[in-house]
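In what follows, a structure is listed as structure tokens, so that the remarks can point back to it.
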Amino acid sequence: MTQSSLSTPKPPTPRTKILNSWVDCTSYGAVCDRLAEMAAHQQSGYIIAANVHVVMTAYWNRAYRAVVNGATLVTPDGMPIVLGLRLLGRKTQSRVYGPDLMLAWCDRAAGLGLPIYLYGSSWETLEKLEAKLLAAYPGLQIAGSYSPPFRTMTPEEMREDCDRINASGASVVFVSLGCPKQELWMAQHHRAIRAVTIGVGAAFRFHTGEVSQAPRWMMRLSLEWLYRLCVEPRRLWKRYAINNPAFVILFGLQWLKHRLGWAKEIGAGRSIVPTASPKPNSAGL
């Protein structure tokens, strides 16, 4: 892959800022189209599925915020983020949920003959996941998988991981390390990996059935957090006790400011344009 392929300009995706994070107003089909285009041109990049935890981590941590805002795409993964986009003018925005995006791309990749790579989780989970994906998507090519050690890796180990992925020939790498570890890993290594990396959180364990997903009706009502809290209370209680109330308050202030600005524009007889990114996305940042 040449340097020029990394910097080829792409049509900008409409974006709206939620607190300090730019989120792309996109869909499963549009993301898969983008992935297919990037694979055809052998472009690198990374995609983040943003829920409240991602947005709030970016709010508290400036370095992580730069990682989020430097992504090729940031999809609205959580329903609170989707509702926020709608309240800020993106009335038709739907959810682009990381685990479902993974399956959508596996379906597309099977038809296009584009290999995928699975990075993260345990060896046992990866073995189960490969079997389930191959059964669900005949023709899907899984170029490889790897379970990294659950500790800080050495620079040499990191280089070996990148070399292993590149040698596999995969065009898309699904990364399941959890937030914020997976986003930091993708931002650190995407220039060295000749593929698009996508952070999918707990998707590997969801798809193997090791962790149950919330019912779809709870997802639609923005209650997925409550279900997951009941399933994994020890791991998640601090996240939801702090992040969720803080997000409601901070986004409420953002929405109020947006409404006041909207009212002033209407009073002045001006047209309203939803908040947009000041710059187009790049495929390899």
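Each reported figure results from applying straightforward, stated rules to the coordinates on display, with no laboratory input. All of these numbers come straight from a predicted model, not from anything done at the bench. Quick reminder, even Gly has a Cβ in these numbers, built from the backbone with ideal geometry, and neighbours come from all protein chains shown.
Given R0 = 35 Å, the distance between the Cβ atoms of Glu156 and Arg62 translates into a calculated FRET efficiency of 0.75. Once backbone amide H atoms are built at 1.01 Å from N, Leu177 has Gln182, Val200, Gly201 as its partners under 5 Å, excluding neighbours fewer than 5 places away on the same chain. Rounded to whole numbers, the Karplus 3J(HN,Hα) couplings from phi for the range 183-196 are 5, 5, 5, 5, 5, 6, 10, 5, 6, 8, 9, 8, 6, 8 Hz, using 6.51 cos²θ - 1.76 cosθ + 1.60 with θ = phi - 60°, and x at Gly and Pro. Whole-Hz Karplus values for the range 22-32 come out as 7, 10, 7, 8, 9, 8, 4, x, 5, 5, 5 Hz, taken residue by residue from phi with 6.51 cos²θ - 1.76 cosθ + 1.60 and θ = phi - 60°; glycine and proline positions read x.
Each residue of the range 74-86 was assigned a 3J(HN,Hα) from its phi angle through the Karplus expression (A = 6.51, B = -1.76, C = 1.60, θ = phi - 60°), giving 10, 8, x, 7, x, 4, x, 5, 4, 4, x, 4, 5 Hz with x at Gly and Pro. Residues whose amide H comes within less than 5 Å of that of Ala49, counting only those at least five positions distant or on another chain, are Thr75, Gly199 (H built at 1.01 Å from N in the peptide plane). Computed on the range 3-242, with alpha-carbon pairs under 8 angstrom and 6+ residues apart, the relative contact order is 22 percent. Applying the criteria of a DSSP loop state and at most 11 other Cβ atoms within 10 Å to the trypsin sites (Lys or Arg not before Pro) of the range 151-187 yields Arg151. DSSP beta bridges fully contained in the chain are about 20 percent antiparallel. When the chain is treated as a Gaussian network with alpha carbon springs shorter than 10 Å, the biggest mean-square fluctuation among Pro76, Pro245, Pro155 belongs to Pro155. Calculated mean residue ellipticity, 222 nm, the chain: -16000 deg cm²/dmol, from DSSP H runs (n ≥ 4) at -39500 (n - 2.57) each, averaged per residue and rounded to 500. Distance between the modelled labels on Asp107 and Lys181, one decimal in nanometres: 3.1 nm (7 Å Cα→Cβ projection). For the chain, the percent of C-alpha pairs falling in each 5 Å distance bin, counted from 0 to the bin holding the largest distance, reads 1, 5, 12, 16, 19, 17, 13, 9, 4, 2, 1, 0, 0.
Between Ala246 and Leu260, full extension at 0.36 nm per residue minus the direct alpha carbon distance yields a gain of 2.9 nm. Build a GNM of the chain with springs between Cα atoms under 10 Å apart, and of Leu256, Leu83, Leu114 the one that fluctuates most is Leu256.
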